Amino acid sequence: MADQKFSLRCYCYLDRMQPQYAAFVGTVTQGDLPTEGMAALYIEMAPGNEAFRLVDIAVKATEAKPGAQLVEREFGMFEVHSQNQAAVKEAGSAVLNHLGLKMEDRIRPQIASSQIITNVDPYQAQLLNRFRRGSMLVPGETMLVLEVAPAAYINLACNEAEKSASIKIMHVSSVGRFGRMWLSGSESEIVTAHEAAIQALNAVEGVSG
């Protein structure tokens with residue numbers, strides 16, 4: 001079988017991790033734990049096994065620490081972070097230089113689905129709370145469900161949503177074919193968070209997937 005052509009699926013820089021987002025990442029990461037205010041970089045690629053080589057390049061180049069390194073059948077993804085924004089950017093540059101690519105060679109995000117659900121029913125809230133890793137959904141709140149591809153871009157959407165609105169992060173999943181997030185709060189705050197997330201995703205330049 002011929003080697004699979006390399007694809008830079010996601011190159012996603014977060015300038016400042018927000019309090020809830022950083023706290024949520026800390027509950028799911030298996031590597032170095034990030035904290036509020038750190039810069040972070042998510043890189044997703046295919047084939048997935050390339051993640052091992054690229055993480056090695058990123059962490060040897062700078063003081064940035066690896067928080068996640070995930071490899072599945074189709075895709076691989078890793079994250080590095082630091083209090084020093086320049087270190088995170090330098091780690092990304094080292095990876096791009098190794099690949100002979102530019103940031104604009106990444107696949108630009110596509111929104112697969114977006115739903116705002118108002119006045120959530122108590123029974124649905126109980127059901128959803130069984131699957132979340134973050135804040136609990138309270139009956140009567142409004143919930144945002146956003147799905148994007150490539151998956152790792154959901155981290156940008158979530159962090160920017162928290163920057164712009166007073167919301168709660170229920171769950172974020174950034175591995176696989178699609179990334180998903182569940183946010184909750186008042187209807188007005190969720191609308192604001194949704195607009196910020198969509199604007200951030202639409203601002204990412206890249207190629208068609």
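The values are calculated or read from the model by the stated rules, or taken from the named source; none is laboratory data. The structure displayed is predicted, hence computed values, not measured ones. Positions of Cβ are backbone-derived with ideal geometry, glycine not excepted, and every protein chain shown enters the neighbour counts.
Hey, could you check region 14-59 for residues that are under 20 Å from GLY176 (Cβ atoms), of a type in the set (Val, Ile, Thr) and part of a helix (DSSP H, G or I) and say which is nearest to the chain's Cα centre (by Cα)? Restricting to residues being under 20 Å from GLY176 (Cβ atoms), of a type in the set (Val, Ile, Thr) and part of a helix (DSSP H, G or I), the top hit is VAL25. In summary, GLY176 fulfils each of the numbered conditions (1) touching a residue at least 40 places away in the same chain (Cβ under 8 Å); (2) crowded, with 23+ Cβ neighbours inside 10 Å; (3) outside any strand (DSSP E or B); (4) of a type in the set (Gly, Ala, Ser) with the single exception of condition (2).
For region 1-13, give me the residue count where each residue is of a type outside the set (Ser, Thr, Tyr) and within 14 Å of the chain's Cα centre (by Cα). Final tally of qualifying residues: 3. The residue that is nearest to the chain's Cα centre (by Cα), among those in region 157-166 that are surrounded by 15 or more Cβ atoms within 10 Å (Cβ to Cβ) and free of Cβ contacts under 8 Å to residues at least 60 places away in the same chain, is ALA157. When VAL175, VAL207, VAL191, VAL148 are checked against the criterion of being of a type outside the set (Gly, Ala, Ser) and not assigned by TED's automatic domain parsing to the domain that holds ARG132, VAL207 stands alone in meeting it. Here ILE57 meets the list (1) farther than 25 Å from GLU160 by Cβ; (2) exposed (fewer than 14 other Cβ atoms within 10 Å of the Cβ) almost entirely, failing just condition (2). With respect to MET170, is the statement that it is free of Cβ contacts under 8 Å to residues at least 40 places away in the same chain, aliphatic (A, V, I, L, M), assigned to a strand (DSSP E or B) and under 24 Å from GLN69 (Cα atoms) true? Criteria not met by MET170.
Among all residues of region 121-129, there is at least one that is over 19 Å from the mean Cα position of the chain (by Cα), exposed (fewer than 15 other Cβ atoms within 10 Å of the Cβ), of a type in the set (A, V, I, L, M, F, W, C) and in a helix (DSSP H, G or I). Only residues that are surrounded by fewer than 18 Cβ atoms within 10 Å (Cβ to Cβ) and either in a helix (DSSP H, G or I) or outside the structural domain of THR27 (by TED's automatic domain parsing) (or both) were counted across region 60-89, and they come to 4. Of the residues in region 13-47, how many are surrounded by fewer than 18 Cβ atoms within 10 Å (Cβ to Cβ) and over 19 Å from GLY92 (Cβ atoms)? Summing the residues that are surrounded by fewer than 18 Cβ atoms within 10 Å (Cβ to Cβ) and over 19 Å from GLY92 (Cβ atoms) in region 13-47 gives 10.
Matching residues to (1) at pLDDT below 95; (2) closer than 30 Å to ARG73 by Cβ:
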{"position": "HIS171", "(1), (2)": "no, yes"}
{"position": "VAL175", "(1), (2)": "yes, yes"}
{"position": "LEU183", "(1), (2)": "no, yes"}
{"position": "ILE190", "(1), (2)": "no, no"}
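If you take the residues in region 179-200 that are under 13 Å from the mean Cα position of the chain (by Cα) and assigned to a strand (DSSP E or B), which one is surrounded by the fewest Cβ atoms within 10 Å (Cβ to Cβ)? Applying the filter and picking the extreme gives ARG180.
To keep it simple, each residue is scored yes or no on (1) basic (Lys, Arg); (2) within 20 Å of HIS171 (Cα to Cα); (3) out of contact with any Cys (no Cβ under 7 Å at 6 or more places or on another chain).
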| position | (1), (2), (3) |
| --- | --- |
| ASP15 | no, no, yes |
| VAL28 | no, yes, yes |
| LEU33 | no, yes, yes |
| LYS60 | yes, no, yes |
| SER82 | no, no, yes |
| ILE117 | no, yes, yes |
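Going by what's in this entry, would ALA203 be described as surrounded by fewer than 16 Cβ atoms within 10 Å (Cβ to Cβ), within 27 Å of SER7 (Cα to Cα) and small (Gly, Ala, Ser)? For ALA203, the condition - surrounded by fewer than 16 Cβ atoms within 10 Å (Cβ to Cβ), within 27 Å of SER7 (Cα to Cα) and small (Gly, Ala, Ser) - is met.
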